[in-house]
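The values are calculated or read from the model by the stated rules, or taken from the named source; none is laboratory data. In this text the structure is predicted, and so the values were computed from the model without any measurement. Cβ: placed from backbone, ideal geometry, glycine included. Neighbour counts: every protein chain shown. The area values use the complete protein model at the heavy-atom level, side chains included, leaving out ligands, DNA and RNA. Shrake-Rupley method; radii C 1.70, N 1.55, O 1.52, S 1.80 Å.
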Amino acid sequence: MLSCKEREDGLQYYQAQSTYEPVSVTQPPSDNEVRNVILMIGDGMGLEQVSCAWVLNRGKLNFDSFPVVGLSRTWCTDKLITDSGAGGTALASGSKTAYDHVGTAPDTTDLHSFLVKARALGKKTGVVTTCHLADATPCDFCCHNEYRYNQEDLIADYLDCNVDYISGGGTDWFTTKRTDSRNIIDEMAAKGYNVALDEEALMAAELPVLGLLAPDNLPVALERGDLYRHSVARGLDLLSEASGERGFCMMLEGSCIDDWLHGNDIGKAMEELLDFDRTIGDVLRWAEKDGHTLVVVTADHATGCLTLRDGDLSEGRIGVSFGSESHNGIAVPYYVWGPGSGAFGGIMENDALGRLIASFVR
């Protein structure tokens with residue numbers, strides 16, 4: 001049970017279910033060749049959310065391991081306050097676009113993510129998320145549509161995305177939620193994908209992989225255990241083994257941080273963020289051993305107009321209030337680790353950040 005209490009004035013108190021030790025990692029030499037690029041997106045995760053997580057884990061996070069930190073502005077071409085379609089597309093493609101657009105420019109022409117560039121260079125690619133695969137952010141990297149809620153069309157786009165390792169939730173979005181009676185799971189299998197419908201099957205599957213581990217989103221953080229972390233670890237192992245020195249590129253999303261911020265549920269949102277931070281630790285530990293991996297962590301936007309108003313660092317307890325159930329336009333942080341990290345830093349537009357990330361795909 002989440003120990004979250006709300007006062008009459010709307011102030012929510014929360015204390016994390018457990019704490020953990022961040023990893024201790026040393027950056028490889030700055031002039032090492034960058035072979036692998038990993039972008040991690042905490043959906044809805046602004047500096048205020050990270051600050052709350054830092055208190056909950058009693059003053060220590062894997063975020064603290066990053067030597068380069070900056071800010072990213074998130075506005076889109078037709079609105080000051082973006083959504084995950086436009087925000088994620090800017091990071092994926094290096095181009096700002098219109099609200100609700102997924103992998104398309106404002107004029108609806110296709111915008112291609114850096115995963116497409118990676119494939120053209122002979123690299124392997126992967127996408128891992130905690131949400132269903134019809135959601136905006138994974139689609140920003142794999143699909144193209146002018147409206148993020150054309151989800152039947154977006155799911156069908158996975159047939160042509162050629163991403164080697166795909167894992168998330170959403171079995172129903174590929175089958176029973178469709179109005180055209182198509183079974184996209186069967187069609188993906190016919191294209192050569194090894195379909196895994198649970199964690200055991202995912203751990204045994206070989207590339208190319210489609211992991212659909214829940215009917216919709218993955219279970220909430222406190223119920224799914226290490227499912228997301230294991231999905232990421234399996235992807236790292238498979239892609240690195242298959243790619244060799246050519247390298248690979250991945251997008252890893254902590255999707256449901258945003259969902260629970262929309263619901264103004266601080267407990268569930270923070271447990272999602274803490275699980276995301278643990279996953280960051282796993283990725284950094286792997287990247288340290290590899291020595292040729294650039295890791296960038298950021299958000300597509302912030303959600304909830306969250307304010308940290310009270311708490312106790314020694315107890316790992318926060319008192320917060322929400323200002324809305326929507327996104328806001330405050331710049332979000334980005335964090336960079338590994339060879340190439342010296343090229344980052346300062347304030348950037350999200351599309352410029354996307355272009356800089358893509359410049360290391362070579």
- Cα gyration tensor of the stretch 147-261, axes a ≥ b ≥ c as square roots of the eigenvalues: rounded (a/c below 1.5), prolate (a/b > b/c) or oblate? oblate
- Within the chain, how many Lys pairs sit with Cα atoms under 29 Å apart, leaving out pairs fewer than 8 places apart on the same chain? 18
- Which residue, Ala302, Ala86, Ala189, has the most motion in a Gaussian network model of the chain that connects Cα atoms within less than 10 Å? Ala189
- Label selected from [x] 55, 51, 43; [y] 78, 50, 40; [z] 62, 43, 41, the criterion being Cα extents along the principal axes in Å as computed here: [x]
- Considering only Cys249, Cys52, Cys161, give the residue with the highest GNM mean-square fluctuation for the chain, with springs between Cα atoms whenever their separation is below 10 Å. Cys161
- Message: Can you give me the distance in nm between label points at Asn32 and Arg285, each placed 7 Å from the Cα along the Cα-to-Cβ direction?
- Response: 1.7 nm
- Task: Roll a 1.4 Å probe over the protein heavy atoms and report the accessible area of Leu197 in Å², nearest 10.
- Result: 100 Å²
- Ignoring ligands and nucleic acids, Asp64 exposes an accessible area, probe 1.4 Å, in Å² to the nearest 10, of 90 Å²
- On full extension of the chain, what length is gained from Tyr147 through Asp180, given 0.36 nm per residue of separation minus the C-alpha to C-alpha distance? 10.0 nm
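If R0 is 35 Å, what FRET efficiency do you get for Ala343 and Lys191 from their C-beta distance, rounded to 0.05?
On the way: r = 37 Å, r/R0 = 1.05.
Plugging the Cβ-Cβ distance into 1/(1 + (r/R0)^6) gives 0.45.
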- Task: Between Leu47, Leu121, Leu294, find the one with the highest GNM mean-square fluctuation for the chain; connect C-alpha pairs within less than 10 Å.
- Result: Leu121
- Query: Rounded, prolate or oblate: which fits the stretch 101-202, taking a ≥ b ≥ c as square roots of the Cα gyration tensor eigenvalues, rounded meaning a/c under 1.5, else prolate when a/b beats b/c?
  - Reply: oblate
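In the chain, carbon and sulfur make up what percent of the accessible area (probe 1.4 Å)? Don't jump to the answer; show the numbers that get you there.
Values: 6400 of 13450 Å².
Whole-percent figure for carbon plus sulfur exposure: 48.
In a shell of Cβ-Cβ distance under 10 Å around Lys117, excluding Lys117 itself, what net charge do Lys and Arg (+1) and Asp and Glu (-1) give? Show your work: numbers first, answer last.
Working: positive: Arg119, Lys123, Arg362; negative: none.
Counting the neighbours of Lys117, the net charge comes to +3.
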- Task: Rounded to the nearest 0.05, what FRET efficiency do Val69 and Val23 give with R0 = 25 Å and r taken as the Cβ-Cβ distance? Could you check?
- Result: 0.90
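Express the accessible area of the chain per residue in Å², computed with a 1.4 Å probe while the remaining protein chains stay in the model. Could you put the intermediate results ahead of the total?
Values: 13450 Å² over 362 residues.
Value for the chain: 37 Å² per residue.
Summing +1 for each Lys or Arg and -1 for each Asp or Glu, what net charge is found among the other residues whose Cβ lies under 14 Å from the Cβ of Val163?
Details: positive: Lys117, Arg119, Lys123, Lys124, Lys191; negative: Asp140, Asp157, Asp160, Asp164, Glu253.
Combined, the nearby Lys, Arg, Asp and Glu give 0.
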- With a sphere of radius 9 Å drawn around the Cβ of Lys96, what net charge do the other residues whose Cβ falls strictly inside it have (Lys, Arg +1; Asp, Glu -1)? -2
- With a ≥ b ≥ c from the Cα gyration tensor eigenvalues, square-rooted, and the rule rounded for a/c under 1.5, otherwise prolate when a/b > b/c and oblate otherwise, the stretch 293-359 is oblate
- Message: I'd like the distance separating the alpha-carbon centroids of the stretch 196-251 and the stretch 317-339, in whole Å.
- Response: 26 Å
- Report the charge-dipole magnitude of the chain in Debye, nearest 20, computed about the Cα centre from +1 at each Lys and Arg Cβ and -1 at each Asp and Glu Cβ. 900 debye
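With an 8 Å Cα cut-off and a minimum separation of 6 or more residues, compute the relative contact order for the chain in percent.
Working: 891 pairs, mean separation 119.8, N = 362.
Here the relative contact order equals 33 percent.
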